[in-house]
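Everything on this sheet refers to the single structure shown next.
The values are calculated or read from the model by the stated rules, or taken from the named source; none is laboratory data. Bear in mind the structure is a predicted one, so any value in this text is a computation, not a measurement. Positions of Cβ are backbone-derived with ideal geometry, glycine not excepted, and every protein chain shown enters the neighbour counts. Accessible surface areas use protein heavy atoms only, side chains included; no ligands, DNA or RNA. Shrake-Rupley method; radii C 1.70, N 1.55, O 1.52, S 1.80 Å.
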Amino acid sequence: MTPSDLIGPTLTADQPEFRMVAVMSLFGALSRAGTSGSMGNDLDARLLAALREWSDCVLVSASTVRAEDYGPASTQFAVLSRTLDFDASARFFAGTPPLILTPQASLTDPALGPARAALEQAGAQLVGTGAGTAAEVVAALHARGLRRISCEGGPKVYSAMLSGDVVDVVHVTVDPSISGSDANYLPPLEARGAMRRFTLESAVSDDSVLFTRYRRVRP
């Protein structure tokens, strides 16, 4: 079993596709002792790397970048942040200059002027996303030709993207374990009462770690 097998069929390069990738404990925790690094296995790590290679950009929250201590990468990252609270000297900024996706209000707030200046000096590009809805975030990326999007979380971002119904494919890796340090479960969808149904495309076990791939079923 290879990461390409787990990725499965994809649309042509000029067609937009939004994929979400997550690893969780047996009962749905999305982090353990503050990060997801101890869950999954080597194949899961290779799947994440393969999805980054497949994508035009990786969408992720600023809190996940900090918690997981993302390093420099050649991949284009698009980081969601309302507060622009970054350490612009962090090693993350030594890679491909990231896009910082932020609501329009954060681009004009005088109090955030120093934060904006520090990010721009670090090479980041600030991108306005209107009110910051899922649809506006995706539209901002598409406008830059970034049509294949891989979303790495965290939980609030997963919930927002699912609530906004922009997710086409979900990759869920289930680590068959539980721990007293398990935390961070998927928050309720912002669209109360909404149903997002997916159909199973693939389910593969590797050393009891379960790799699933679901595709959105749209009316």
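Conditions tested, residue by residue: (1) assigned by the TED database to the domain that holds residue 213; (2) more than 19 Å from residue 179 (Cα to Cα); (3) loosely packed, with under 14 Cβ neighbours inside 10 Å.
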position	(1), (2), (3)
3	yes, yes, no
8	yes, yes, yes
14	yes, yes, yes
61	no, yes, no
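State yes or no: is residue 185 in contact (Cβ under 8 Å) with a residue 24 or more places away in the chain, open to solvent by 30 Å² or more (accessible area, probe 1.4 Å), in a loop (DSSP other than H, G, I, E, B) and in the same structural domain as residue 42 (by the TED database)? Judged against the criteria, residue 185 is a match. Of the conditions (1) without any contact (Cβ under 8 Å) to a residue 40 or more places away in the chain; (2) under 30 Å from residue 106 (Cβ atoms); (3) in the same structural domain as residue 17 (by the TED database), residue 140 clears all except one; give me its number. The failed condition is (3). Report, by residue number, each residue of the range 147-182 that is hydrophobic (A, V, I, L, M, F, W, C) and either under 28 Å from residue 132 (Cβ atoms) or surrounded by 18 or more Cβ atoms within 10 Å (Cβ to Cβ) (or both). Of everything in the range 147-182, those that are hydrophobic (A, V, I, L, M, F, W, C) and either under 28 Å from residue 132 (Cβ atoms) or surrounded by 18 or more Cβ atoms within 10 Å (Cβ to Cβ) (or both) turn out to be 149, 151, 157, 160, 161, 162, 166, 167, 169, 170, 172, 174. Scanning the range 22-51 for residues that are open to solvent by 60 Å² or more (accessible area, probe 1.4 Å) and either in a strand (DSSP E or B) or of a type outside the set (A, V, I, L, M, F, W, C) (or both) yields a count of 4. Give the range 17-45 a look and list any residue that's at pLDDT 95 or above, in contact with a helix residue (DSSP H, G or I) (Cβ under 6 Å, 6 or more places away or on another chain) and not aliphatic (A, V, I, L, M), or say none. The answer is none; no residue qualifies. Which residues, taken from the range 58-90, are in contact (Cβ under 8 Å) with a residue 60 or more places away in the chain and not small (Gly, Ala, Ser)? 58, 59, 60, 64, 76, 80 - these are the residues of the range 58-90 that are in contact (Cβ under 8 Å) with a residue 60 or more places away in the chain and not small (Gly, Ala, Ser).
Scanning the range 18-55 for residues that are under 11 Å from residue 172 (Cα atoms) and among the hydroxyl-bearing types (Ser, Thr, Tyr) returns a single hit, 25.
In this structure, residue 37 does satisfy being among the small types (Gly, Ala, Ser), over 21 Å from residue 132 (Cβ atoms) and either touching a residue at least 40 places away in the same chain (Cβ under 8 Å) or not assigned by the TED database to the domain that holds residue 138 (or both). Which of the residues spanning the range 74-84 are farther than 15 Å from residue 149 by Cβ and open to solvent by 30 Å² or more (accessible area, probe 1.4 Å)? Those that are farther than 15 Å from residue 149 by Cβ and open to solvent by 30 Å² or more (accessible area, probe 1.4 Å): 74, 82, 83. Residues that are part of a helix (DSSP H, G or I) and either over 19 Å from residue 137 (Cβ atoms) or over 24 Å from the mean Cα position of the chain (by Cα) (or both) within the range 111-127 comprise 111, 112, 113, 114, 115, 117, 118, 120, 121, listed in sequence order.
Residues checked against (1) part of a helix (DSSP H, G or I); (2) on the phi < 0 side of the Ramachandran plot:
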site	(1), (2)
135	yes, yes
149	no, yes
153	no, no
157	yes, yes
199	no, yes
204	no, yes
212	no, yes
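Tell me yes or no: at least one residue of the range 63-71 is open to solvent by 60 Å² or more (accessible area, probe 1.4 Å) and more than 25 Å from residue 30 (Cα to Cα). No, every residue in the range 63-71 fails to be open to solvent by 60 Å² or more (accessible area, probe 1.4 Å) and more than 25 Å from residue 30 (Cα to Cα).
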